[in-house]
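Have a look at the structure below, then the notes.
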Protein chains: 2
Amino acid sequence: MSLIEKCPLAGLEAFIGRCLEACTMPGPDAAKVAGLMAQADLMGQDGHGVFRLPMYVRRIRAGGMNMTPTFERLSERPATALIDGDNGMGHLVMHHATELAMDKARTTGVAWVGARHSNHAGPASLYAMMPARENMIGLYLAVGSANHMPPWGGTDMLLSTNPIAVAVPSQEYPPIVLDMATTVAAYGKVKTAAQRGETMPEGWMIDREGRPLTDPARASEGFLLPIGGPKGYGLSLIFGILAGVLNGAAFGRDVVDFNAEAETVTNTGHMILALDIAAFADPAAFRAGIDDVWRQMKSSARMPGVGEIRLPGERLHRVMIERKAEGIPIPAQLRNALDRLAADLGVASL
Amino acid sequence: MSLIEKCPLAGLEAFIGRCLEACTMPGPDAAKVAGLMAQADLMGQDGHGVFRLPMYVRRIRAGGMNMTPTFERLSERPATALIDGDNGMGHLVMHHATELAMDKARTTGVAWVGARHSNHAGPASLYAMMPARENMIGLYLAVGSANHMPPWGGTDMLLSTNPIAVAVPSQEYPPIVLDMATTVAAYGKVKTAAQRGETMPEGWMIDREGRPLTDPARASEGFLLPIGGPKGYGLSLIFGILAGVLNGAAFGRDVVDFNAEAETVTNTGHMILALDIAAFADPAAFRAGIDDVWRQMKSSARMPGVGEIRLPGERLHRVMIERKAEGIPIPAQLRNALDRLAADLGVASL
């Protein structure tokens, strides 16, 4: 028996689905969210999949999310829409928004759909990858679900890790999928280091005096560092404006810590852009061009000690193939939390 | 007399215009390019304004750019277009593309216009700021005009500093304008350090063994470093795909060094996205919201030794006001180069 239990995708999906249904989420919605959450685990985004389920359930039970949301279009143009997520789960809001963006882009060439009154939606790549499966390019931005960063030079935590994801389809190679926070490290990595009693490398965090902070147990005394200093601060600010302010969603002082406060409505903002490749190029020729990008990068001469040049999305693709075949690893601590959750909700365990 | 001569904006514009006309560029086009180039200097983007004129002229005289281009729309949808720049000056191509994107966005809400067979177009912010003057948000991406960076872990220079610029209008405060390369330092800063005989800080460049390279005279032995390591590599790759591959423009091994080779057609690719704020929000309310973003960031408590929190575009705005009033500084070395150019072209000097 392996030390870490592995769970088949279908089993994980079914488990998440029955937990959500037990929380009064309608069956079809529960199935949709379960599919997206399990896909996050399948892709290796372990901090954004079933790991979050107990926290989601806590928020649902506290009345902090609406189980029967209606997605109203607050405004609409041929290539844009602003969706009110009605405080539904972010996965449902963004799945809806992404399908709408793809529909529009098929006609207009490109479409941008924003959402307000949404919630945490899992990994950014989930939504960027939806268009990439249909000869489109997907671009997703979000306001992160808690502020962990001040403006450059400041000490008030007004900004989040505001991520960007872009997915581009290819032919023989995996799709290129960039999914990154605008901070050097995501906050989840700090939490993981704290759990394991490890020291963080310099460059992840600084304290209020600007000194390197390497003890993750002291994380609350410091801030995440943006990539490239003021440049990453600028990216976080701009992505926050495009995903938050533009949509009338929370930004800056209004951002609610999704994990700390289970009852307060978060008014999370995200946006998805879908671009129809056929509006610019023959999709097959474009995909072959992306294969050529793969070949050029992979065949570059390497620095001493570097075994392989990687492209964004390569690890994700490898993990996905491995986990499809072997199942999704569920560490003992997570397994225990999920067992407690199942007992609590009165549903069959994983 | 000041050590550095200052030239009024109108004089600089007129000088650039007559140089371009002497190179057979039609008058209205020459005026348009001159206006954009002088605006780059006005904004403090000294490496992207009149400083480039001798190099542009060298390329024009070598037959490397077309003085009478026709901008064909290779494909078009309600919210997209692909423009063939016909090897015209990048400023003309992107001014045309940006006006088209803004026209489309007024109806569709958002528009994305790409260009191929273009050339160096000056600073990215020039085009992102055009929509921001008309209650729109502008987003510009480009494939840089020379490769200075390998893929992460590699040593083949396949990537450029591929920049992003985003401009967002405000009410009482200056517009927020992010304009950044995906590398820690732009190559121009390396050249400046070399000219001044200065040492570069660690983190700008590494050599082929991955060791810090701080002597700018040895720049050709090394590479620029991306912001955030693999993250900046990912951003450069993705921006290069969106601005280059998607448009059928040069990327990777096909990128021509604009400065080194005056005759070879560069097939430069860029893209501009214009988003009509009114498709999402009342523009006045949105602009007031951006003012609030300014106030929140500016009023953050500060780290020891930090005098002021800055927002992207703040320095640009200050410099612009200063230079409008006092003129644009022209260092002696540049003044000499421009005098030689004027003599060469048989036009009145600056």
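The values are calculated or read from the model by the stated rules, or taken from the named source; none is laboratory data. Given the structure is predicted, the values throughout are model-derived calculations rather than measurements. Because the Cβ atoms are built from the backbone with ideal geometry, glycine has one as well, and the counts that use them run over all protein chains shown. In case anyone asks, the SASA skips ligands and DNA or RNA and just uses the protein heavy atoms, side chains included. Shrake-Rupley method; radii C 1.70, N 1.55, O 1.52, S 1.80 Å.
So in region B:306-340, with the set limited to residues that are assigned to a helix (DSSP H, G or I), open to solvent by 70 Å² or more (accessible area, probe 1.4 Å) and of a type in the set (D, E, K, R), which one is farthest from the other protein chains (Cβ to nearest Cβ)? Write out each step before concluding.
First, the residues of region B:306-340 that are assigned to a helix (DSSP H, G or I): B:314-326, B:332-340.
Add one more test, that the residue is open to solvent by 70 Å² or more (accessible area, probe 1.4 Å), and what stays is B:315, B:318, B:321-322, B:324-326, B:333, B:336, B:340.
This time we only want the ones that are of a type in the set (D, E, K, R), so: B:315, B:318, B:322, B:324, B:326, B:340.
Details: B:Arg315: 11, B:Arg318: 16, B:Glu322: 21, B:Lys324: 24, B:Glu326: 26, B:Arg340: 36 Å.
Filtering first and then ranking leaves B:Arg340.
Answer yes or no: is there a residue in region B:66-77 that is within 20 Å of B:Leu139 (Cα to Cα) and touching a Gly at 6+ places or on another chain (Cβ under 7 Å). I'd like the intermediate steps shown before the answer.
The initial filter retains those residues of region B:66-77 that are within 20 Å of B:Leu139 (Cα to Cα), namely B:76-77.
Now drop any that are not touching a Gly at 6+ places or on another chain (Cβ under 7 Å), which leaves B:77.
Within region B:66-77, one or more residues are within 20 Å of B:Leu139 (Cα to Cα) and touching a Gly at 6+ places or on another chain (Cβ under 7 Å).
Scan region A:17-28 residue by residue and report those that are in a helix (DSSP H, G or I) and out of contact with any Leu (no Cβ under 6 Å at 6 or more places or on another chain). Give the steps one after another, and end with the answer.
Within region A:17-28, the subset in a helix (DSSP H, G or I) is A:17-22, A:27-28.
Those that are in a helix (DSSP H, G or I) and out of contact with any Leu (no Cβ under 6 Å at 6 or more places or on another chain): A:Gly17, A:Arg18, A:Leu20, A:Glu21, A:Gly27, A:Pro28.
Can you say whether A:Ala260 is of a type in the set (Gly, Ala, Ser) and at pLDDT below 95, as far as the supplied structure shows?
Details: of a type in the set (Gly, Ala, Ser): yes; at pLDDT below 95: yes.
Yes; evaluated as a whole, the condition is true for this residue.
Would you point out which residue out of B:Asn267, B:Asn259 is away from chain A (no Cβ under 12 Å), more than 26 Å from B:Pro201 (Cβ to Cβ) and of a type in the set (S, T, N, Q)? Talk me through it step by step, then tell me what you get.
Numbers: B:Asn259 fails: more than 26 Å from B:Pro201 (Cβ to Cβ).
Of B:Asn267, B:Asn259, the one residue that is away from chain A (no Cβ under 12 Å), more than 26 Å from B:Pro201 (Cβ to Cβ) and of a type in the set (S, T, N, Q) is B:Asn267.
Among the listed residues B:Met297, B:Met303, identify the single one that is at the interface with chain A (Cβ under 7 Å from one of its Cβ atoms), farther than 30 Å from B:Arg73 by Cα, out of contact with any Phe, Trp or Tyr (no Cβ under 8 Å at 6 or more places or on another chain) and open to solvent by less than 10 Å² (accessible area, probe 1.4 Å). Break it down stepwise before answering.
On the way: B:Met303 fails: open to solvent by less than 10 Å² (accessible area, probe 1.4 Å).
When all the criteria are applied, what remains is B:Met297.
Have a look at A:Ala111, A:Ala115 and point out the one that is part of a strand (DSSP E or B), in contact with a His (Cβ under 7 Å, 6 or more places away or on another chain) and not β-branched (Val, Ile, Thr). Explain how you work it out, then say what you get.
Numbers: A:Ala111 fails: in contact with a His (Cβ under 7 Å, 6 or more places away or on another chain).
Exactly one of A:Ala111, A:Ala115 is part of a strand (DSSP E or B), in contact with a His (Cβ under 7 Å, 6 or more places away or on another chain) and not β-branched (Val, Ile, Thr), namely A:Ala115.
So the check is Cβ under 7 Å with 6+ separation or different chains; which pairs have a first residue in region A:214-239 that's farther than 24 Å from A:Tyr140 by Cβ and a second one that's assigned to a helix (DSSP H, G or I)?
What qualifies is A:Pro216/A:Val190; A:Pro216/A:Ala193; A:Pro216/A:Ala194; A:Ala217/A:Ala194; A:Ala219/A:Val190; A:Ala219/A:Ala194.
Looking at B:Ile309, B:Ile277, B:Ile290, B:Ile238, can you tell me which residue is β-branched (Val, Ile, Thr) and more than 23 Å from A:Thr161 (Cβ to Cβ)?
Numbers: B:Ile309 fails: more than 23 Å from A:Thr161 (Cβ to Cβ); B:Ile290 fails: more than 23 Å from A:Thr161 (Cβ to Cβ); B:Ile238 fails: more than 23 Å from A:Thr161 (Cβ to Cβ).
None of the other options fit; the residue is B:Ile277.
Give the residue that is farthest from the other protein chains (Cβ to nearest Cβ), with candidates limited to residues of region B:226-248 that are open to solvent by less than 10 Å² (accessible area, probe 1.4 Å) and in contact with a Lys or Arg (Cβ under 7 Å, 6 or more places away or on another chain).
Ranking the qualifying residues of region B:226-248, first place goes to B:Asn247.
Could you give me the residue pairs with C-beta distances under 8 Å whose first residue belongs to region A:87-114 and is within 14 Å of chain B (Cβ to nearest Cβ), whose second residue is assigned to a helix (DSSP H, G or I) and aromatic (Phe, Trp, Tyr) wherever it lies, and which are 6+ apart or on separate chains?
So the pair list comes out as A:Ala97/A:Tyr127.
Name the residues in region A:249-285 that are in contact (Cβ under 8 Å) with a residue 60 or more places away in the chain, part of a helix (DSSP H, G or I) and either in contact with a Gly (Cβ under 9 Å, 6 or more places away or on another chain) or surrounded by fewer than 18 Cβ atoms within 10 Å (Cβ to Cβ) (or both), would you?
A:Gly252, A:Arg253, A:Ala278, A:Ala279, A:Pro283, A:Ala284
Which ones in region A:59-114 are farther than 30 Å from A:Leu345 by Cα and open to solvent by 50 Å² or more (accessible area, probe 1.4 Å)?
Matches in region A:59-114: A:Glu72, A:Arg73, A:Leu74, A:Glu76, A:Arg77, A:Pro78, A:Glu99, A:Asp103, A:Arg106, A:Thr107.
Would you pick out the residues in region B:130-141 that are open to solvent by 10 Å² or more (accessible area, probe 1.4 Å) and either within 11 Å of another protein chain (Cβ to nearest Cβ) or in contact with a helix residue (DSSP H, G or I) (Cβ under 9 Å, 6 or more places away or on another chain) (or both)?
Step one: filter region B:130-141 for residues open to solvent by 10 Å² or more (accessible area, probe 1.4 Å), giving B:130, B:132-135, B:139.
Scanning region B:130-141 gives B:Met130, B:Glu134, B:Asn135, B:Leu139.
Looking only at region A:175-215, filter to residues that are among the small types (Gly, Ala, Ser) and either outside any helix (DSSP H, G or I) or modelled with pLDDT of 95 or more (or both); which one of those is least open to solvent (accessible area, probe 1.4 Å)? Don't jump to the end; show me each part of the working.
Looking only at region A:175-215, we keep the residues that are among the small types (Gly, Ala, Ser), and these are A:181, A:185-186, A:188, A:193-194, A:197, A:203, A:210.
Filter once more, keeping what is either outside any helix (DSSP H, G or I) or modelled with pLDDT of 95 or more (or both): A:181, A:185-186, A:197, A:203, A:210.
Numbers: A:Ala181: 16, A:Ala185: 1, A:Ala186: 43, A:Gly197: 67, A:Gly203: 31, A:Gly210: 34 Å².
Filtering region A:175-215 for residues that are among the small types (Gly, Ala, Ser) and either outside any helix (DSSP H, G or I) or modelled with pLDDT of 95 or more (or both), the one least open to solvent (accessible area, probe 1.4 Å) comes out as A:Ala185.
Between B:Ile238, B:Ile290, B:Ile227, B:Ile277, which is β-branched (Val, Ile, Thr) and more than 28 Å from A:Ala185 (Cα to Cα)? Give the steps one after another, and end with the answer.
Working: B:Ile238 fails: more than 28 Å from A:Ala185 (Cα to Cα); B:Ile290 fails: more than 28 Å from A:Ala185 (Cα to Cα); B:Ile227 fails: more than 28 Å from A:Ala185 (Cα to Cα).
None of the other options fit; the residue is B:Ile277.
Given the criteria among the acidic types (Asp, Glu), in the same structural domain as A:Phe258 (by TED's automatic domain parsing) and in contact with a Leu (Cβ under 7 Å, 6 or more places away or on another chain), does A:Asp84 qualify?
yes
When you scan region B:41-89, how many residues do you find that are part of a helix (DSSP H, G or I), charged (D, E, K, R) and closer than 20 Å to B:His117 by Cα?
Step one: list which residues in region B:41-89 are part of a helix (DSSP H, G or I), which gives B:41-42, B:46-48, B:50-61.
Imposing the further condition that a residue be charged (D, E, K, R) reduces the set to B:41, B:46, B:52, B:58-59, B:61.
Subsequent filtering for residues that are closer than 20 Å to B:His117 by Cα retains B:52, B:58-59, B:61.
Summing the residues that are part of a helix (DSSP H, G or I), charged (D, E, K, R) and closer than 20 Å to B:His117 by Cα in region B:41-89 gives 4.
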